[in-house]
Amino acid sequence: MQNIHQNTKLIHLITGLILTAMFIASGIYLKLLFGQETGTRNIGFHMLYRANHVHLLTAALVNLLLIANFVTPLVRWQYLLQRLASLAVLAASILIVTAFALEPQYMTLDRPFTIAGIVTLAIGVLVLLLANLKRNP
């Protein structure tokens, strides 16, 4: 079980670092795309990208924080909840990257990938919290 735990931490470290790099790269991309534009011509388009840009950072930070909060579980239910939390956070990360890449171009408030990504991320964090609430068997 310890080996699986270390692998999970490594996966979240790599995911967090990749998402951090994507956050920085997307910031540069947005700066080049919109520059110092303050007019209303593309403000909606700009805001859709900016919102998902911040979600990339959120997903990166949650992945990096999971490394510190993944402790060796004392009982099986904690182990299972940690696995569920890990999968939820990784799935949310994929949804958030997809949202950044696809949703702004449609210029609509209907943003299924963003909603699914943020809700899944929140579920992952809450499940991990439940797994770590009681550390005594």
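The values are calculated or read from the model by the stated rules, or taken from the named source; none is laboratory data. Note that the coordinates shown come from a computational prediction; the quantities given were computed from them, not determined experimentally. Positions of Cβ are generated from backbone atoms using ideal geometry, with glycine treated the same way; all protein chains shown enter the neighbour counts.
Miscellaneous remarks
- Residue among LEU74, LEU61 that is part of a helix (DSSP H, G or I) and either over 25 Å from ALA116 (Cα atoms) or modelled with pLDDT of 90 or more (or both): LEU61
- Selected residue (criterion: modelled with the highest pLDDT) from residues of segment 39-58 that are assigned to a helix (DSSP H, G or I) and of a type in the set (Gly, Ala, Ser): ALA51
- The conditions of being of a type in the set (Gly, Ala, Ser), buried (at least 16 other Cβ atoms within 10 Å of the Cβ) and either out of contact with any Cys (no Cβ under 7 Å at 6 or more places or on another chain) or at pLDDT 90 or above (or both) are not met by ALA101.
- ALA131 within 26 Å of ASN3 (Cα to Cα), at pLDDT 95 or above and surrounded by 12 or more Cβ atoms within 10 Å (Cβ to Cβ): no
- Just one of the listed residues (LEU33, LEU17, LEU64) is surrounded by fewer than 14 Cβ atoms within 10 Å (Cβ to Cβ) and under 15 Å from the mean Cα position of the chain (by Cα), and it is LEU17.
- The residue pairs whose first member lies in segment 101-117 and is closer than 19 Å to TYR29 by Cβ, whose second member is in a loop (DSSP other than H, G, I, E, B) and not acidic (Asp, Glu), and whose beta carbons are closer than 6 Å, counting only pairs six or more residues apart or on different chains, are GLU103/ARG111.
- Annotation note: of ILE67, ILE94, ILE123, the sole residue that is without any contact (Cβ under 8 Å) to a residue 40 or more places away in the chain and under 18 Å from ILE11 (Cα atoms) is ILE94.
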